[in-house]
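In what follows, a structure is listed as structure tokens, so that the remarks can point back to it.
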Amino acid sequence: MTGNRVVNSNSETFPLRGERVELRPLEPSDIEAMAPFFGDVEEIYYYLPDTLLPRNLTQLHTMMDEWNDGKTNFVFACRHRDETIGLVTLSDLDPVAGNAEVGIMIAGRAYRGHGLASDAMKLVLDYAFGELRLHRICACVAPANFSSISLFKRLGFVEEGRMREVMRRGQGFVDLLLFGLLEDEYRKR
């Protein structure tokens, strides 16, 4: 939402296109393409903040329906060369306060480390700060997720704090680092 307007991820704005990636509203075929990632607990170790269990396709569809409610939470398929390679989320959207949380996952190891996540994040940030007129975007990242920390810092996010022992993993708990980016900081870059 922006003001009194409802965000419609199927509007003429989508797909969001960059030079190498595009973001489009999530389709069932995108969920199926991401199923191997969500079935591997090593892959989802830092990505899912909830119970660390592999998801089968039926469970994954249910989870995506909950994540992608079309009101305050949106999941976009990240595509490269006509292939779904990951997901970008815009969640806890609060149009009155002008805030949201962003997340990204590139599923295939072959696609990581080539700047595709950075390209996708720039698209969603342009959309969030432009079309949605948000003021602040945050991201939560595990301290050992070095590639995500590097990505958010390169994009201008500032580490704002640490949520202690917020995610259960194995026999213990993992902290999450809170990063934030204000619209004027993003525009200056």
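Put a dot 7 Å past the Cα of R154, heading toward its Cβ, do the same for K71, and the two dots end up 3.7 nm apart. Close amide H contacts of A142 (hydrogens built in the peptide plane, cut-off under 5 Å, sequence separation of 5 or more or a different chain): L177.
Listed values for the stretch 81-95 are Karplus-derived 3J(HN,Hα) couplings in whole Hz (6.51 cos²θ - 1.76 cosθ + 1.60, θ = phi - 60°), namely 6, 6, 10, 6, 10, x, 10, 10, 10, 10, 10, 6, 5, 10, x, and x replaces Gly and Pro.
How about the stretch 148-189: which GluC sites (Glu not before Pro) there are in a DSSP loop, with at most 16 other Cβ atoms within 10 Å of their Cβ? Walk me through the numbers before you get to the answer.
Values: sites: E159, E160, E165, E183, E185; in loops: none.
Taking the stretch 148-189 and a limit of 16 other Cβ atoms within 10 Å, no loop GluC sites (Glu not before Pro) are found.
What shape does the stretch 11-111 have by the C-alpha gyration tensor, where a ≥ b ≥ c are the square roots of the eigenvalues, rounded means a/c under 1.5, and otherwise prolate means a/b greater than b/c and oblate the rest? It is oblate, given that a/c is not under 1.5 and a/b is not larger than b/c.
Taking 0.36 nm per residue of sequence separation and subtracting the Cα-Cα distance, how much length would be gained by fully extending the chain between Q171 and R109, in nm to one decimal? Walk me through the numbers before you get to the answer.
Values: separation 62, 0.36 × 62 = 22.32 nm, distance 2.73 nm.
Result: 19.6 nm gained on full extension.
Is the C-alpha gyration tensor of the stretch 108-189 telling us rounded, prolate or oblate? Criteria: a/c under 1.5 is rounded; beyond that, a/b larger than b/c is prolate, otherwise oblate.
Working: a/c = 2.39, a/b = 1.42, b/c = 1.69.
Note, shape of the stretch 108-189 comes out oblate.
Our note on the geometry: Cα centres of the stretch 9-54 and the stretch 110-130, 13 Å apart. If a paramagnetic tag sat 7 Å from the Cα of Y47 along the Cα-Cβ line, which residues of the stretch 106-129 would have the backbone N under 14 Å from that point? Correct set: 106-113, 117. The H on the amide N of M167, modeled in the peptide plane, is under 5 Å from the matching H of V174, each at least 5 residues off or on a different chain.
Within straight-line reach of K153, meaning a Cα separation under 17 Å, sit the following aspartates and glutamates at least 8 residues removed in sequence or on another chain: E101, D119, D126, E183, D184, E185. Computed about its Cα centre, the charge dipole of the stretch 1-144 is approximately 380 debye, with only Lys, Arg, Asp and Glu carrying charge at their Cβ.
Every number here is computed from the coordinates shown, using simple stated rules; none is lab data. Here the structure is a predicted model, which is why all the values come from computation and not from measurement. Virtual Cβ from ideal backbone geometry, glycine too; neighbours counted across all protein chains shown.
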